[in-house]
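What follows is a short report on a single structure.
The values are calculated or read from the model by the stated rules, or taken from the named source; none is laboratory data. Just so we're clear, the structure is a prediction, and the values are computed from it rather than from any experiment. Using ideal geometry, Cβ is built from the backbone for each residue, glycine included, and neighbour counts are taken over all protein chains shown.
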Amino acid sequence: MSGINVYAHYAHEEDYPDLDYDSACRRLAAALSCKTVDCGEKTDDAPFERLHALVRASYPHVTEASSFEEVGRNLLITCPGTDPSLPCVLLLAHQDVVPVVPGTEKDWQHDAFAGDIDETFVWGRGALDIKDMLMGELEALEYLLTHGKRPRRTVVLAFGADEETASAGATRLAALLKERGVRAAWLLDEGTTTMIDGAMWGAQGRVLADVCISQKGYLDVRLDAHGEGGHSSNPFGGSSLERLCRAITRIADSRPAPRLTSIVRDTFRALAPHIAEEPLSTLVRDVDGNAEKIAALAATRRELFPFVATTMAVDMLQGGSAAPNVMPGDVSATINFRLLPGTTADDVLAWVREALRGTGVTATPVHYTPAGRMDSTVGAGYAEVAEALGHYYRDVDVVPSFVCGGTDAIRYEAVCGSILRVIPFRPTPEEEATGVHGVNERISRRTYAQGIRVLVRLLERTVL
Ligand SMILES: [Zn+2]
């Protein structure tokens, strides 16, 4: 994935010369100094309150034009448009950041919460995930308002406080919007953090930016096998652990065939002219006609496998015997499934229970977040987001995709026409790989400024 020189793709960096990027970087640094880590019930309110105060103080025009609501630690900022009949635009980001991994503190060149800034970078936890987007969205709106540009369309900024943990804040804010009858044409939330090497999709030499219009589902299923224990000299019928292992094998062996969702079909269609390697090149000339073959081929490649399969990872095993000559009692295993958009928990449970038939092993779902709705490349906002990305990132193919993890965005499906998960900031793949949830998280001033330009242009073309 490395080797992409992102800066070679930056274009139109001369736009908005009167935007004070220096000050914008300092404001971001101040936001990074707020240690907004969510710890459930033990969460410290103070850093969140500091961040809220900072937002109010830093963006006077936004503050004057908008209503600020603190819903718990979550923040809802509504800048009313002059035409209330238009559906609004929702800009998302989360305030919370993941903690520094214990033991890695000394690996940080700058303290993760110092809010340090140098000639090149703004340093700190949250620089890429995702206070750059939170502050960048405010910078863009402030810029428009400073120039006397009043949005026709209402702009709502919704900043949850626990995306990295429970995502309860987003659920709460979305419910509030729904209750008020607020309807958004589209929303913008985080997605992939950097540019993608097109080789992943068979398009060698191309660089991609993806707009994620769905997300995979999440399902944990616990398998239980009953055991009586006892001496292992007569394991008639197999020990509970043996039966559990057989059951797991049966589930793995009966996994559904890989398939192409409508989104991945569109990804391949968009890239077809650039795919030179065979047999993919020939197959993608008729994506629908060759969907099964393309899916089977994609499933053999590590990077594409999660995009064409509902995956299963057997992650937990509990209850084995403590001695080699004693059979275990009850044992259990937990499988984590990641569901392709369009696949439900019922689909997975039907597969699992069919595989378990006659084994005596039971399956119980323990945690489930459904896959996202599949939005469309012709849906509201997609073309405008693609245009803004294309304007500032030269020779980059903007393609639809979906995220394999989860974000807050899914909570807003009921109030939103189309959900676009895409980060306007494009750091280097190395910065993304080491910084996000890792060490030395930082964003270059240049990357931050370019992302703000994307957001200003996007707002200019959609809300004015
Ligand atoms: Zn995030």
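Kindly establish whether Thr154 is over 30 Å from Val361 (Cβ atoms), among the polar types (S, T, N, Q) and within 16 Å of the ligand (Cβ to nearest atom). No, not satisfied. In the range 368-376, the count of residues that are away from the ligand (no atom under 16 Å from the Cβ) and over 30 Å from Glu190 (Cβ atoms) is zero.
Once the range 318-346 is narrowed to residues that are without any contact (Cβ under 8 Å) to a residue 60 or more places away in the chain and not in a loop (DSSP other than H, G, I, E, B), the residue that is surrounded by the most Cβ atoms within 10 Å (Cβ to Cβ) is Gln318. Considering only residues of the range 1-49 that are surrounded by fewer than 17 Cβ atoms within 10 Å (Cβ to Cβ) and among the polar types (S, T, N, Q), which is farthest from the chain's Cα centre (by Cα)? Within the range 1-49, the match that is farthest from the chain's Cα centre (by Cα) is Ser23. If you check Ala199, Ala175 for being more than 16 Å from the ligand (Cβ to nearest atom), without any contact (Cβ under 8 Å) to a residue 12 or more places away in the chain and closer than 30 Å to Thr300 by Cβ, only one passes: Ala199. Before we move on, is Val71 within 16 Å of the ligand (Cβ to nearest atom) and surrounded by fewer than 24 Cβ atoms within 10 Å (Cβ to Cβ)? Against the criterion (within 16 Å of the ligand (Cβ to nearest atom) and surrounded by fewer than 24 Cβ atoms within 10 Å (Cβ to Cβ)), Val71 does not qualify. Of all residues in the range 73-86, those that are under 30 Å from Asp38 (Cα atoms) have Cβ atoms under 7 Å from Cβ atoms of residues that are basic (Lys, Arg), 6 or more apart or on another chain, in Asn74/Arg172. Take the residues in the range 94-121 that are within 22 Å of the chain's Cα centre (by Cα) and not in a loop (DSSP other than H, G, I, E, B), then tell me which one is surrounded by the fewest Cβ atoms within 10 Å (Cβ to Cβ). Filtering first and then ranking leaves Val97. When we screen Gly406, Gly372 for residues that are at pLDDT 95 or above, under 20 Å from the mean Cα position of the chain (by Cα) and surrounded by 15 or more Cβ atoms within 10 Å (Cβ to Cβ), the only hit is Gly372.
Yes/no per residue for (1) among the small types (Gly, Ala, Ser); (2) closer than 30 Å to Glu69 by Cβ:
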| site | (1), (2) |
| --- | --- |
| Phe159 | no, yes |
| Ala166 | yes, yes |
| Gly181 | yes, yes |
| Leu188 | no, yes |
| Gly191 | yes, yes |
| Thr194 | no, no |
| Tyr218 | no, yes |
| Asp224 | no, no |
| Glu242 | no, no |
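Taken over the range 99-136, the criterion of being of a type in the set (Gly, Ala, Ser) and either within 13 Å of Cys25 (Cα to Cα) or more than 14 Å from the ligand (Cβ to nearest atom) (or both) is satisfied by Gly103, Ala112, Ala114, Gly115, Gly124, Ala127, Gly136.
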